[in-house]
Structure formats: C-alpha cells, structure tokens
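Structure first, then comments.
The values are calculated or read from the model by the stated rules, or taken from the named source; none is laboratory data. Every value quoted in this text rests on a predicted model; they were computed, and no experiment measured them. Glycine also receives a Cβ, built like all others from the backbone with ideal geometry; neighbour counts cover every protein chain displayed.
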C-alpha cells in the first residue's frame with residue numbers, strides 16, 4: 001500500500017486535481033491550504049510519507065515551511081517536493097538549500113509529478129544503505145535514527161547533509177562527480193549548478209570538524225570519502 005501524501009497548496013482547483021491523480025495511483029492524501037496548517041498536519045499521526053509543497057502560500061513562504069519541517073524532530077527527514085511557478089535557477093537552488101528533495105515548475109504534467117514522487121520515495125531507503133557501516137574511522141552512523149557522531153560528540157546534520165554523507169560513505173574510496181551526486185542525492189538532472197553540491201559539501205565538512213578531511217576534494221573531478229588521509233597529499 002502506498003503512503004500518505006500531504007498536499008500544501010492554496011489553489012483549491014489544483015488541490016482537487018492532485019488529490020484525484022494521487023488517489024488514482026494508489027496514494028492516500030491530506031491537504032493543507034496554509035503553511036501553518038501544513039506544519040500541524042505533518043507533525044500529527046499518521047504522518048505523511050512525502051510533502052508536495054507550493055512555494056507561494058497566503059501566510060508564509062514554502063521555503064519557511066520547508067525550514068520548519070527540517071527543524072521539527074518528527075519531520076526533519078520528511079521528503080519534500082516543491083511546486084512553484086518560479087523557474088529561475090536561483091529559486092531552485094534556494095529550494096534545495098533549505099532542504100527540498102526535488103522541485104517541479106508549474107505547469108507540470110501529472111505523469112512527470114508521479115514519476116518524481118516515486119523516485120523521491122525510492123531514495124528514502126536507498127539500496128546502498130546496507131553498505132554504510134555503523135562505524136567508520138572516528139565516525140559512527142545510525143541509519144535508522146539519522147544520527148552521526150564524531151568520537152562521542154553528536155553532529156547534527158540536515159536530511160540532505162545526512163544523505164550526502166552516507167552516499168559518500170557507501171561509495172567510500174570511489175570518486176563521485178558533482179553530476180553523480182546531483183542525481184543520486186538531490187535526484188535532479190545534472191547541470192543544474194555545481195555550487196549546490198559544493199555548498200553542501202562545504203557545510204558538511206565544517207560540521208565534521210576534526211574529521212572534515214575524510215571528505216576529500218579532487219580538483220576538477222568531484223569528491224571521495226576515505227579515512228586513509230595519506231592519499232590526500234597526492235590527490236589534491
């Protein structure tokens with residue numbers, strides 16, 4: 001049985017269309033017409049498995065709603081797909097920076113939206129999860145709890161930062177290009193902007209502190225995770 005999708009949109013005609021299309025595909029739906037209502041529903045039981053979030057809402061912006069979801073203990077890992085009439089690259093980048101998992105621009109085809117929803121839900125439990133050890137070097141990772149420690153100190157990561165780190169750990173020792181990370185972590189077509197990946201890697205390294213060098217930069221290529229820091233000198 002497919003999960004519950006929360007639709008956050010103030011255009012009631014579009015809400016009705018999305019409800020019909022999603023339920024036809026086997027999903028269950030709940031709808032919110034304001035940002036505050038969305039945050040309340042998302043934190044309630046049963047919680048949604050994914051949020052379709054309009055960027056323009058009457059009481060707050062979709063980016064504010066997304067930030068609210070990311071700071072909530074029960075909603076911080078909830079997948080979010082933003083829906084908006086804005087198509088400028090800067091708008092998409094801002095959406096990803098605040099923690100959105102994907103971004104669709106109105107008007108969009110319902111078929112494309114369904115494909116994106118299923119792709120995001122598949123990424124929620126990636127096949128490579130089993131390849132992430134519970135401890136690696138000075139890091140400890142709790143995949144189920146979405147928690148990370150350096151030695152005995154917990155490192156608080158956003159959902160995207162956690163997925164970026166665990167993707168790199170799962171593929172440790174192998175170079176990951178920016179385009180590959182855009183597709184596998186963000187779920188977007190390559191070529192959006194390399195700054196999105198670079199910004200998140202920079203933030204991740206800052207949070208990792210003393211073990212930041214586990215995430216290595218290979219100039220002109222991409223990134224690699226390793227605890228064998230003897231490799232760093234020759235690669236950089």
**OP:** Looking only at the stretch 68-75, decide whether some residue is over 17 Å from the mean Cα position of the chain (by Cα) and farther than 18 Å from residue 27 by Cβ.
**Re:** no
Subject >> Residue list for the stretch 142-161, filter: farther than 12 Å from residue 208 by Cβ and touching a residue at least 40 places away in the same chain (Cβ under 8 Å) >> reply: 146, 158, 159, 160
Original post:
With respect to residue 14, is the statement that it is in contact (Cβ under 8 Å) with a residue 40 or more places away in the chain and more than 17 Å from residue 75 (Cβ to Cβ) true?
Top reply: no
Subject >> Lone unmet requirement of (1) within 26 Å of residue 94 (Cβ to Cβ); (2) over 23 Å from the mean Cα position of the chain (by Cα) for residue 55 >> reply: (2)
Subject >> Selection count where residues are modelled with pLDDT under 80, assigned to a helix (DSSP H, G or I) and surrounded by 17 or more Cβ atoms within 10 Å (Cβ to Cβ), scope the stretch 185-195 >> reply: 1
Original post:
Do we find a residue being assigned by TED's automatic domain parsing to the domain that holds residue 107 and under 19 Å from residue 103 (Cβ atoms) anywhere in the stretch 23-30?
Top reply: no
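Let's see how each residue does on (1) modelled with pLDDT of 80 or more; (2) closer than 26 Å to residue 51 by Cα; (3) surrounded by 11 or more Cβ atoms within 10 Å (Cβ to Cβ); (4) in the same structural domain as residue 226 (by TED's automatic domain parsing):
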{"residue": "113", "(1), (2), (3), (4)": "yes, yes, yes, no"}
{"residue": "118", "(1), (2), (3), (4)": "yes, yes, yes, no"}
{"residue": "133", "(1), (2), (3), (4)": "no, no, yes, yes"}
{"residue": "136", "(1), (2), (3), (4)": "yes, no, yes, yes"}
{"residue": "142", "(1), (2), (3), (4)": "yes, yes, yes, yes"}
{"residue": "147", "(1), (2), (3), (4)": "yes, yes, yes, yes"}
{"residue": "150", "(1), (2), (3), (4)": "yes, no, yes, yes"}
{"residue": "153", "(1), (2), (3), (4)": "yes, no, no, yes"}
